[in-house]
Amino acid sequence: MDDDSRLPISPQAAQRVLLGAALGFLLVFFVPRLDGLAALWDLLRDAIAGLPGFVVDVIDYYRAAPGEQVAYSALVGAIFGAVTTALVAGVFDPARFAHGRTWLAVLAGAGAGALGAQILMFPAQHCTYASDIGGAQFRVGLVVTALGALALLVPVWTLLRGRPGARVQHVAGHFKRSPLPYVFLVPTVIVLAVFLYYPAAQIMLVSLRRKIFPLPQERFACMQNYVDLASDAVYRNSFASTLYITLFVVLFSLAIALAIAVLASQKVKWAGVYRTLLVWPYAISPVVTGVIFLSMFREGGAGLLNWALGSTLGINPGWLTDKDLAPWVIVAASVWNLLGFNVLFYIAGLQNIPTDLLEAASLDGAGRVRRFWRITFPLLSPFTFFLLVTNVTYSFYGIYGVVDTLTPQGGPRFGPGGESGATNVLIFKLYKDAFDTGAPAGLGAAQAVVLFLMVATFTVLQFRFLERRVTYEG
Amino acid sequence: MKKLTLVIGLLACCLAPLLAPVGTLGAQEAVEITFVHIFPDERDIRRSTVEEIAAAFMAENPGVTVNVQTTTDDYSEVFEGALRAAEQGNAPYVVQIEDSLTQIAIDSQYFVKIGDYASEEQLATIPDIIAPMRNFYNLDDEIWGMPWNASNPVMFINPTMFEAAGLDPASPPQTFEEITAACEAIMSAEIENLGGCINWPVNSWLPEQWLAMQNALFVNNDNGRSARATEAYIDTPEMARVFDWWNDLDDNGYFTYSGTPGAYTPEGLLFVTKKTAIHLTTSAAISNIFSFAPVMGQFTPVVAPFPKPYAEATNGITAGGAAVWVMAGHPDAETQAAVDFIFYLTNTENIKTWHKASGYFPVRQSAIDELEAEGWFDENPAYFIPLQQLLDSTPNPANAGARFGAASQVRATVIDAILSVIDNDEDPAAAMAAAQDRANKAIADYNSVIGG
Amino acid sequence: MNRRPRYGIHLALIVVCLGMACPALYALQVSTLTLEEAFTIPPKLFPPSTDFVSNVRTLFDGQHFGRLIANTLTVALVVVVGKTAFAMLAGLAFVYFQFPGKWVLFFFVLLTLLMPTELLLVPLSNLIADLRWASDDPQLALTMPFLASALGVFLFRQHFRNIPRELLEAAQIDGAGPLRYLLWVLLPMSWNVIGAHAVIQFISMWHQYAWPIFLQLSPEDQLIQVGVRNSVISGTQTDFGLLMAAGVVASIPPLVFFVLLQKQFMSGFALMRDK
């Protein structure tokens, strides 16, 4: 801690106090709730006790399943695995991949592919390989098989690749062998398994069913939900709206934040105060942002914006009722919400740009603009990259608070029969379909899976390609 | 230093009251039930009336506590909220369920038939409920919930504006054609600050009324009453009459609305602040409109029967509103108390009070008779006009109202179609065809899940 | 150096700060207006009116904002403390130990980066229903799913990896076990990261909206953002004064938290970059 001299007690004592308070706080919270935690413990116990039963179920299923359906899925998985492994082995250092024995790698890939395909095909009961399945569902089934295969292939590739330098044991930098690391990881693993993995599996299962809240019945529908999504005009429009809004939110919030951060990084008096004054909107929630912008963009002369526009330009646009304008209100609200966060990170990034590089460049005659684009911007790329990921995540998920407050019906309608909403972004439509009475919950689950795949792909791609181009200092 | 830690720990423990879970108090001897309704505004006289009736019930039944809850004015939010809470083990007891949600409420298996819990005495009061209500809710066969707040569509006009346009406020327009003609006159009279000639909340209920008046069904199988509905009737000549007229009014600038669909109160506000001359709305708004118009618009509105598509469309209207149901999954004693509360809420005396305070019409014949005898309808003829219109209709499947599980989806489809016509200038025929398509899909989907 | 450009920069900065603050200043102004004043044309922008206190009182009395804030504060603090503790322990395990299955467990945690809670609300609420937490213990439902995350684990793992190994050797010579090493060596060096993490988690929990709605909690058990949203009740007319007051009140605690931990927050992220 910094101000040692000004504290009445020593830092160690202060830390003890803080630790004690934290521990006390947690105890006071959880001890009266032991019953609730006991319910969780019971659930875990039952789950573990149910494992042998589950294994028996799997075996029974495979015994009873139509042989050719399983065989097809395994075949498709194997082919996919073999082909992709061959590609990967060719791309990476072939010599090191499986110690140069490519045919072994391909074989391993085929095996992993066939087995991996079962991970996703088993819950789907191999339904897309049934003889009477429709063409569209079969194609979706192929994709699902490939994804399942990938789940097993990626670890296999990592194993086959060998890990350079991983063999070097920092023996001096580790504690003795003991069961302690497992103990330390138990809370994290339990929470992640129970509250993330289990619901994720559930949602994939529900996406295979037709289900309407609140009816108790449900019907197994193979990949029908996914096929319906592909042909649903409302979903396609929702997709388009989301991409459109995301693009502008990210573009504007990054660009404006960068400009502000550059301004705020100049060496002036009270720079710290300015920085605080620029960053605090980060603490405002999407809901409150929506509420403020709702008041600002009201129709008629009472809303701030329309009053300003009306008295100067004489126009009175219906911001929230016009299908072309409503998305822009969402963009404006989201950009404002994100600016604080982005400015903060860009300032941190700018502070770490070594001034000697810039001075050297200016001595060489490079103007400010050139200095910025050639030196500063590339050096900021780790931050831009990080902000890109968080901003996109916000535009996909966090924006729900903004949309639900500004346009609770999904925005002004368009499309034949007014079926699509101008601000009916993917997460908003998903919640409506999953939550509303009479809405198809299975379809909502399918949307969640698709959205998850989209964001996952996007994140992985970003990590792979951008990180290669990102320059690190030193 | 260790002492300091201990002290801090103890201090933290003093936060216990703040952090400890609430609600694990000892079991109470009295029975406690909850009632969820849709009148959340604290200034709303309906909310205070409900609370008074509940208090009176508690006074007569000392062993029962009625906890009245309200957070939203949206029927579907109340419904979803009650079901989600039931999923979590927190089900409320008495819930106000909108009429269109009747079928899905039954199919959800989350509610009990209060007829199974009602006493002989309570069951004997069922024939007292007026025929259209018994018809809609099928009370003669099985009693799931008791109708409580029921209303009809009704028309208001601003007599001052009518006179300014050279029209007679004593004979208001009663058909689509007459309204269009009246609007022509009103708009050319150049009354100041007028936003449009006529407004009404954009929902599916009013178009369904116009279908009923033309003796047209909204869904097949006798509006879902002889068997589960399998298709909707949206792309029909009867509906086209409604859409085309609406489109016409909108194109001429005669029709206006608040911008939010289904917003009864903002639409009413447009009328009482003299932005429109004619207003179609629910009879439940009568009290409010009569109290606000003189204050905010300095005029006394005139009530008229709901207009017909054409003069011969005399099949009558359906009632709209909600009933009170009881959720399943509670111990018998508490369910019984909830059923008793429902019959108390809908007894003759309380129905009279409720009608006078809110404008929802009395669902019991005995209440109507008593109000007549008291001279209430003579003093307040406005309240009787919509009721008269209902009682004049001879019950048949068309004016019984539609009953099917996918109702909320289909109604949303109709609203979307209308909005595309009035906001985006879509061709009405195309909008109806698209709506028909989506509606049929929603119904088919529902039926495929419910199976059987 | 040339003095004059500095005034230009100050001016520009002030303009930008005011611009950023515009929506919030507007909200503050409207929160002082009465129901009718909020609808006047032209809008009443200055001076502020008198209704702020009565609006706030309505919020606290009629809409139990006091309880909502207390609930949200508790939930946010539990998650901040719990998540930090679990993440530090996990970071300790991953960095300072070698054990079989280490990479499997690491992959296990890594994969959850792609499983956002927002997409899992429906099955999560079914799970909570099975555990009967919403009826018996709503705050468990609001906190437990957030007590661990890949982000936290990676943050601390990264941070620990940047700490020189010699410190560990020195500690081992002193005979310190892992926990003592964590508490007395790592922790004092980690306050910036903890501060930064705490701010992010606190604000993230404070902003929780969809999850508490899905759980259908009773009104006294809800969280603050849901309370703000419920103030948009368009029963008779939206009381914009009340609504803005709700927004203002709901934003004060996270702002306070942010300002208090500002320094840690700003410097904590300098350590996040790979060195």
- [ ] Under a cut-off of 17 Å between alpha-carbon atoms, report the aspartates and glutamates in cross-link reach of B:Lys113, not counting same-chain residues fewer than 8 places apart.
- [x] B:Glu98, B:Asp99, B:Glu121, B:Asp140, B:Asp141, B:Glu142, B:Asp332, B:Glu334, B:Asp340
- [ ] Give, in nm to one decimal, the length gained when the segment between B:Asp168 and B:Ala30 is fully stretched (0.36 nm per residue of separation minus the Cα-Cα distance).
- [x] 43.6 nm
Open item on the list: Suppose each label sits 7 Å from its Cα in the direction of the beta carbon; what would the A:Val460-A:Arg101 distance come out to in nanometres?
Closed with: 2.8 nm
TODO: Starting with the fewest neighbours, write out A:Phe463, A:Phe239, B:Phe162 ranked by other beta-carbon atoms found within 10 Å of each beta-carbon.
DONE: A:Phe463, A:Phe239, B:Phe162
Task: Shielding by partners - mean other protein chain Cβ count within 10 Å, residues of A:338-349 - done: 2
TODO: Quote to one decimal, in nm, the extra length available between A:Tyr61 and A:Gln125 on full extension: 0.36 nm per residue of separation minus the C-alpha distance between them.
DONE: 22.2 nm
Task: segment B:330-452: C-alpha gyration tensor shape, a/c 1.5 cut-off, then a/b vs b/c - done: oblate
TODO: Would you mind ranking C:Cys17, B:Cys197 by Cβ crowding within 10 Å, fewest neighbours first?
DONE: C:Cys17, B:Cys197
Open item on the list: Starting from the 7 Å offset along Cα-to-Cβ, what nm value, one decimal, do you get for the label separation of B:Ala124 and A:Gln12?
Closed with: 8.7 nm
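With Cβ to Cβ distances under 15 Å as the rule, what net charge do the other residues near B:Ile385 carry (K, R +1; D, E -1)? Can you show the working numbers first?
Details: positive: B:Lys308; negative: B:Glu372, B:Asp378, B:Glu379, B:Asp392.
Cβ neighbours under 15 Å give a net charge of -3.
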TODO: Pairs to check: A:Lys269/C:Lys83; A:Lys432/B:Lys308; B:Lys274/B:Lys308; A:Lys323/A:Lys432; A:Lys267/C:Lys44; A:Lys323/B:Lys441. Give those whose C-alpha atoms are more than 28 Å from each other in this structure.
DONE: A:Lys269/C:Lys83; A:Lys432/B:Lys308; A:Lys267/C:Lys44
TODO: Please give the helix C:65-96 orientation as an angle from the longest Cα principal axis of chain C, in degrees from 0 to 90, rounded to the nearest 10.
DONE: 20 degrees
TODO: Would you calculate the separation in nanometres between label points at A:Ile48 and B:Glu52, each defined as 7 Å from the Cα along the Cα-to-beta-carbon direction?
DONE: 6.2 nm
Open item on the list: Cut-off under 17 Å on the C-alpha distance; same-chain residues fewer than 8 positions from A:Lys429 excluded. Which aspartates and glutamates are left, in chain and number order?
Closed with: A:Asp228, A:Asp232, A:Asp404, A:Glu419, B:Glu77, B:Glu80, B:Asp416, C:Glu118
- [ ] Work out Dmax and Rg for segment B:140-248 from the C-alpha atoms and quote the Rg first, both in angstrom.
- [x] 18.2, 55
Task: Fraction of beta bridges assigned by DSSP in chain B that are antiparallel (%, nearest 5) - done: 65 percent
- [ ] Kindly write out, for segment A:12-19 in residue order, the coupling ³J(HN,Hα) from the Karplus curve 6.51 cos²θ - 1.76 cosθ + 1.60 (θ = phi - 60°), rounded to whole Hz, with x marking Gly and Pro.
- [x] 4, 5, 4, 5, 4, 4, 5, 4
Task: Sequence-distant residues sharing a close amide H with B:Ala263 (under 5 Å, placed H) - done: B:Val202
Task: Proximal lysines to A:Lys176, defined as alpha-carbon separation beneath 24 angstrom and excluding residues fewer than eight positions away on the same chain - done: C:Lys102
- [ ] Evaluate the relative contact order of segment C:1-136 (contact order divided by residue number), counting alpha-carbon pairs under 8 angstrom at least 6 apart; express in whole percent.
- [x] 11 percent
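How big, in percent, is the set of alpha carbon pairs in segment A:144-292 lying more than 26 Å apart?
Numbers: 7415 of 11026 pairs.
In whole percent, the long-distance tail amounts to 67.
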Open item on the list: If I take the Cα coordinates of chain A and project them onto the principal axes, what are the three extents in Å, biggest first?
Closed with: 76, 70, 60
Task: Euclidean distance between Cα centres, segment C:150-176 to segment C:208-227, Å - done: 39 Å
Open item on the list: Helix C:52-62 against the longest principal axis of chain C: what's the angle in degrees, Cα atoms only, rounded to the nearest 10?
Closed with: 70 degrees
- [ ] Counting other beta carbons within 10 Å of each Cβ, put B:Ile342, A:Ile375, C:Ile252 in order, fewest first.
- [x] C:Ile252, A:Ile375, B:Ile342
- [ ] As a check on your grasp of the helix formula, calculate [θ] at 222 nm for chain C: sum -39500 (n - 2.57) over DSSP H runs of n ≥ 4, divide by the residue count, round to the nearest 500.
- [x] -20500 deg cm²/dmol
TODO: Mind running the shape call on segment C:72-227? Use the C-alpha gyration tensor, a ≥ b ≥ c as the square roots of the eigenvalues: rounded below 1.5 for a/c, prolate if a/b tops b/c, oblate otherwise.
DONE: prolate
Open item on the list: How many angstrom lie between the Cα centre of segment B:349-388 and the Cα centre of segment B:266-325?
Closed with: 17 Å
TODO: Compute the separation of the alpha-carbon centres of segment C:106-149 and segment A:402-448 and state it in Å as a whole number.
DONE: 23 Å
- [ ] Provide a whole-number value for the mean count of partner chain Cβ atoms within 10 Å of the Cβ atoms in peptide C:73-83.
- [x] 3
Task: For B:Asn67, residues with placed amide H under 5 Å, excluding near neighbours - done: B:Ile33, B:Thr34, B:Phe35
Task: Sequence-separation-based contact order of chain C, relative, with Cα cut under 8 Å and 6+ spacing, percent - done: 32 percent
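Between A:Glu218 and C:Trp184, what FRET efficiency comes out of the Förster formula 1/(1 + (r/R0)^6) with R0 = 51 Å and r the beta carbon distance, rounded to 0.05?
For R0 = 51 Å, the calculated efficiency reads 0.40.
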Open item on the list: If I fit a long axis through the Cα atoms of helix C:102-111 and take the longest principal axis of the Cα atoms of chain C, what angle between them do I get, 0 to 90°, rounded to 10?
Closed with: 20 degrees
Open item on the list: What FRET efficiency comes out for C:Asp174 versus C:Leu151 if R0 is 35 angstrom and r is the Cβ-Cβ distance? Round to the nearest 0.05.
Closed with: 0.60
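Averaging the inverse of every distinct alpha carbon separation and then flipping it gives the Kirkwood radius. What is it for segment C:3-50, in angstrom units?
12.6 Å
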Task: Relative contact order (percent, whole number), chain A, Cα cutoff 8 Å, 6+ residue spacing - done: 15 percent
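A short reminder: the numbers here are calculations on the coordinates, not readings from a lab. The structure presented is a predicted model; accordingly, all values stated were derived computationally and were not measured. Virtual Cβ from ideal backbone geometry, glycine too; neighbours counted across all protein chains shown.
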